[in-house]
Amino acid sequence: MSTRIGVLAEGPIDHALIAPIIRQIATKRAQFTWPVDPADAAEWLKLRPRGHGGVWLAVQKAIRVLQEEEFPYSFIIILLDRRTKAIQGKIRRLISGRDRFVLAVAQEEIEAWWLGDRPSTLSWLRFDAAPGNTRYAKPGYQAERDKEPKKTLTELTQESPNPEIDRNYGEGNLDLARDFADFWEGRVNLPEIEGQCPKRFQPFCHDTTEAFRRAKTSEGRLL
């Protein structure tokens, strides 16, 4: 059977950043080396239409598939941000009692989880400490309370001495997100992100761990 994990999210930046997090949760929390086979992956399920409405329609379709035919995913992660409160409620009711779905909610945007791993972020940027003129350097900074995580990343990328970072993050730069995700692979500091994003990341981490554990068999494979 497949060990693919489906990811329902609004865009490719969400998918790029969540993939290394999923693998680290499998390894460090569920004690499971994933993917099992090279062909398995965290697969981004593209939405039609885009946006929150597209996520809602995609969840409905996935549930119909689960009921009517062979389900091609071990489980599906649904990734939203806090501004989707109405949709969150509808989705929670729709997936209630269905253990092959995990609802993930980033307090602002998934970039808050990126910034929540401070050691990895600073290492990628090649800083020993955040420059004093950035929001990231403010005393008591907590990623989950950052109202504009993209702006924080823009400030940091503007100041970075890393020669490979040749542009600013702006409203969301997919190339930079992918570059960081490649750097992040195997380095994701889950306790650090949980400390920086306790309200939203901790429940996601717990629920994803449990989804991996439920899917494991005695041979260490996913159903």
- Exception for GLU108 within (1) within 23 Å of GLY170 (Cβ to Cβ); (2) modelled with pLDDT of 70 or more; (3) part of a helix (DSSP H, G or I) falls at (3)
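Check whether at least one residue in region 116-128 is in a loop (DSSP other than H, G, I, E, B), within 21 Å of the chain's Cα centre (by Cα) and under 27 Å from LEU8 (Cβ atoms), and report yes or no.
Taking region 116-128 as the starting set, the residues that turn out to be in a loop (DSSP other than H, G, I, E, B) are 117, 126-128.
With within 21 Å of the chain's Cα centre (by Cα) added as a condition, the list becomes 117.
Narrowing further to those that are under 27 Å from LEU8 (Cβ atoms): 117.
Yes, region 116-128 contains at least one residue that is in a loop (DSSP other than H, G, I, E, B), within 21 Å of the chain's Cα centre (by Cα) and under 27 Å from LEU8 (Cβ atoms).
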- Being assigned to a loop (DSSP other than H, G, I, E, B) and surrounded by 14 or more Cβ atoms within 10 Å (Cβ to Cβ) narrows ILE165, ILE193 down to just ILE165
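Does ALA181 count as of a type in the set (A, V, I, L, M, F, W, C) and either without any contact (Cβ under 8 Å) to a residue 60 or more places away in the chain or surrounded by fewer than 19 Cβ atoms within 10 Å (Cβ to Cβ) (or both)? Break it down stepwise before answering.
Values: of a type in the set (A, V, I, L, M, F, W, C): yes; either without any contact (Cβ under 8 Å) to a residue 60 or more places away in the chain or surrounded by fewer than 19 Cβ atoms within 10 Å (Cβ to Cβ) (or both): no.
No; evaluated as a whole, the condition is false for this residue.
May I ask you to verify whether ASP207 is surrounded by fewer than 17 Cβ atoms within 10 Å (Cβ to Cβ) and of a type in the set (Asp, Glu)? Full working, then the answer.
Working: surrounded by fewer than 17 Cβ atoms within 10 Å (Cβ to Cβ): no; of a type in the set (Asp, Glu): yes.
So ASP207 fails the test.
Rundown of residues vs (1) assigned to a helix (DSSP H, G or I); (2) modelled with pLDDT of 85 or more; (3) under 27 Å from PRO191 (Cβ atoms), yes/no style:
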residue: ARG23; (1), (2), (3): yes, yes, yes
residue: LYS28; (1), (2), (3): yes, yes, yes
residue: PHE32; (1), (2), (3): no, no, yes
residue: GLU43; (1), (2), (3): no, no, no
residue: ARG48; (1), (2), (3): no, no, no
residue: PRO72; (1), (2), (3): no, no, no
- Query: Restricting the first residue to region 184-195 and requiring it to be aromatic (Phe, Trp, Tyr), which pairs with a second residue that is in a loop (DSSP other than H, G, I, E, B) meet a Cβ separation below 9 Å and a spacing of at least six or different chains?
  - Reply: TRP184/ASP117
- Considering (1) buried (at least 19 other Cβ atoms within 10 Å of the Cβ); (2) in a helix (DSSP H, G or I); (3) touching a residue at least 40 places away in the same chain (Cβ under 8 Å), say which one TYR136 fails and leave the rest. (3)
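Given the criterion touching a residue at least 24 places away in the same chain (Cβ under 8 Å), surrounded by fewer than 20 Cβ atoms within 10 Å (Cβ to Cβ) and closer than 22 Å to ILE78 by Cα, identify the matching residue among LEU174, LEU115.
Values: LEU115 fails: surrounded by fewer than 20 Cβ atoms within 10 Å (Cβ to Cβ).
On inspection, the qualifying residue turns out to be LEU174.
Sort through ASP166, ASP128, ASP146 and tell me the only one that's modelled with pLDDT of 95 or more and either out of contact with any Leu (no Cβ under 8 Å at 6 or more places or on another chain) or farther than 19 Å from LEU17 by Cα (or both). Can you show your working first?
On the way: ASP166 fails: modelled with pLDDT of 95 or more; ASP146 fails: either out of contact with any Leu (no Cβ under 8 Å at 6 or more places or on another chain) or farther than 19 Å from LEU17 by Cα (or both).
Within the list ASP166, ASP128, ASP146, the selection yields ASP128.
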- Among the residues of region 85-108, which ones are in contact (Cβ under 8 Å) with a residue 60 or more places away in the chain, surrounded by fewer than 24 Cβ atoms within 10 Å (Cβ to Cβ) and under 13 Å from ARG145 (Cα atoms)? GLN107
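The values are calculated or read from the model by the stated rules, or taken from the named source; none is laboratory data. Bear in mind that the values here come from a model prediction, so they are computed numbers and not experimental data. When we count neighbours, we look across all protein chains shown, and the Cβ atoms used for this are built from the backbone with ideal geometry, even at glycine.
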